[in-house]
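See structure below.
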Amino acid sequence: MTANGQTAERHVSTSRPSPGEVALFATCLIDLFRPSAAFAAIDLLRAAGCDVAVPDGQSCCGQPAYNSGDRRDARALARQTIDLLMPYRFVVVPSASCAGMLRNHYPKLLSEDPVYRDKAAALCDKTYELSAFLAALPVQQGDTPGDRRARHITYHDSCSALREVGVDAEPRTLIDQHTELKLTESAEKESCCGFGGTFCVKYDEISTHMADRKLDAFVASGAQTVTALDLGCLLHLAGRARRRNLPLEFRHLAEVLAGCRDAPPIAASKDRDDGNG
């Protein structure tokens, strides 16, 4: 993810999505740390009339290697991902940073590969971040089954969503379609949270300060729940909020839209998990 706020080059998909065959690329973080977000994404896509597949053999998209300058391993992972996803009509990713990797960086990474150059461009044109795909469907999304308790939420614009894949209005449009969700914008909604992949490790003091500024704005908004498209941002913010004992819960946007509350909030304390906090 981008931590310096610069605008990255963005490739816009040219094909208009419609309900049909969709491959869900679940991403490493969701698979390892928040599988409930993937299940919620599947529920949302099926409710929209999509035939959803989760292809076996999914691995990392190559973003960590790519961002660290390891082009050899990044290319190998890109080729593997392309071979896995090419048979499907659409590819939907519940992560803006991983969607940006497939759409923006695969074509550049493989631009001199005579076998995969055109395949990378083709995958780019049919890959969507989850909220962008759902918001672009010709049939408007309706309420989905789940916990219908009224909730005040605030939305975090991750750097990858806002600046790399150009997703801004789409999550808000989907939230507004649910009458039990009340969106309250925070004063720092477009500021980087300080995660930035390895940025939060290399520059931990700066990263912590950036997270605290975001968290203070979330609390001031009066929201109960913080949601976003990128699990990395949510893990970073939720972990810091837990250390500060702030009255906020963090959930992936797919979980919020699907009304999924079976899984505890991200980084919830044991007391809260047990219902005692």
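When the chain is treated as a GNM with alpha-carbon contacts under 10 Å, the residue of Asp56, Asp70, Asp212 showing the greatest mean-square fluctuation is Asp56.
Here the gap between Asp56 and His209, fully extended at 0.36 nm per residue and compared with their Cα-Cα distance, gives a gain of 51.1 nm. Short-range pairs are left out: with C-alpha atoms under 8 Å and at least six residues apart, the relative contact order of the chain is 21 percent.
Ellipsoid fit via the Cα gyration tensor, the chain: semi-axes of 29, 23, 16 Å, each the root of five times an eigenvalue, largest first.
Long hydrophobic helices in the chain: the complete DSSP H runs spanning 24 Å or more by Cα along their own axis with mean Kyte-Doolittle hydropathy of at least -0.5 are 204-221. Between Lys126, Lys202, Lys182, the Gaussian network model of the chain with springs among Cα atoms under 10 angstrom shows the greatest mean-square fluctuation at Lys202. Over the chain, dividing the summed -39,500 (n - 2.57) contributions of all DSSP H runs of at least 4 residues by the number of residues returns a 222 nm mean residue ellipticity of -11500 deg cm²/dmol.
Annotation: the residues Arg75, Arg89, Arg163, Arg251, sorted from fewest to most other C-beta atoms within 10 Å of their own C-beta, follow the order Arg89, Arg75, Arg163, Arg251. Charge dipole (Cα centre; +1 on Lys/Arg Cβ, -1 on Asp/Glu Cβ; no other charges) of the range 21-136 amounts to roughly 220 debye. Using a Gaussian network model of the chain in which every pair of alpha carbons under 10 angstrom is joined by a spring, one finds that among Pro55, Pro114, Pro87 the greatest mean-square fluctuation is at Pro114. For the range 151-273, the Cα gyration tensor yields ellipsoid semi-axes of 21, 18, 13 Å (square root of five times each eigenvalue, largest first, whole Å).
According to the calculation over all Cα-Cα pairs in the range 21-136, the P(r) per 10 Å bin from zero is 15, 50, 30, 6, 0 %. By the count of other C-beta atoms within 10 Å, a proxy for reagent exposure, Leu130, Leu174, Leu32, Leu84 are ordered fewest to most as Leu32, Leu84, Leu174, Leu130.
Full extension of the chain between Asp216 and Glu185 yields a length gain of 9.9 nm, computed as 0.36 nm times the residue separation minus the alpha carbon distance.
Read the figures in this text as sums done on the coordinates, not as results from a lab. Here the structure is a predicted model, which is why all the values come from computation and not from measurement. Every residue, glycine among them, receives a Cβ derived from its backbone with ideal geometry; neighbour counts consider all protein chains shown.
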